[in-house]
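What follows is one structure encoded as structure tokens, with my remarks underneath.
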Amino acid sequence: MCGPALNETPYMPSRSPLYTLFDIRDNARFAQEWTVGYTAESFGSDRRIFYAVTRCLEIISEASRRLPAEMRDRHPELPWRAIMDVGNVYRHEYDNVSEDAVWRTVQQRLAPLLAFVEDEIGRLPSAGHPDPG
């Protein structure tokens with residue numbers, strides 16, 4: 001028989017909200033770490049860092065879609081629709097991604113998102129789920 005059996009899932013099963021929060025947290029931290037020492041101008045001229053940071057933001061965007069709606073609803077101060085939608089820009093309009101917009105996102109938008117993540121991690125039971133960070 002070729003391919004997966006009918007009762008097997010050909011893709012990864014959904015991850016728990018806790019692991020999704022870890023993904024958001026870790027990628028936000030990577031983006032922040034990797035931009036230390038850069039200015040907006042030098043960031044835009046380092047293609048490897050720009051691509052790596054853009055990938056972090058893409059992962060954050062996708063992971064935010066996987067969060068339960070009630071978790072997002074507890075934090076209306078965050079622009080969830082924009083966070084979830086921007087991944088489509090990174091994937092499908094990659095030629096229009098502005099270095100300046102990515103820089104501003106890292107510098108201005110990740111701290112509030114990290115505060116949300118830490119708050120929600122604190123609310124969830126972590127038994128059996130070691131923190132990879």
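Values for this structure:
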quantity	calculated
Selection count where residues are closer than 20 Å to L114 by Cα and surrounded by fewer than 20 Cβ atoms within 10 Å (Cβ to Cβ), scope the range 24-53	8
Residue, nearest to N88 (Cα to Cα), within the range 46-73, restricted to residues that are in contact (Cβ under 8 Å) with a residue 24 or more places away in the chain and among the hydroxyl-bearing types (S, T, Y)	S61
For R47: the one exception among (1) under 18 Å from L21 (Cα atoms); (2) at pLDDT below 95	(1)
Residue match in the range 24-38 (condition: assigned to a helix (DSSP H, G or I), over 13 Å from the mean Cα position of the chain (by Cα) and of a type in the set (A, V, I, L, M))	no
The range 59-107 - residue that is of a type in the set (S, T, Y) and within 23 Å of R123 (Cα to Cα) and, of those, surrounded by the fewest Cβ atoms within 10 Å (Cβ to Cβ)	S61
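The values are calculated or read from the model by the stated rules, or taken from the named source; none is laboratory data. If you're wondering where the values come from, they're calculated on a predicted model, not measured in any experiment. Neighbour counts run over all protein chains shown; Cβ positions are idealised from the backbone, glycine included.
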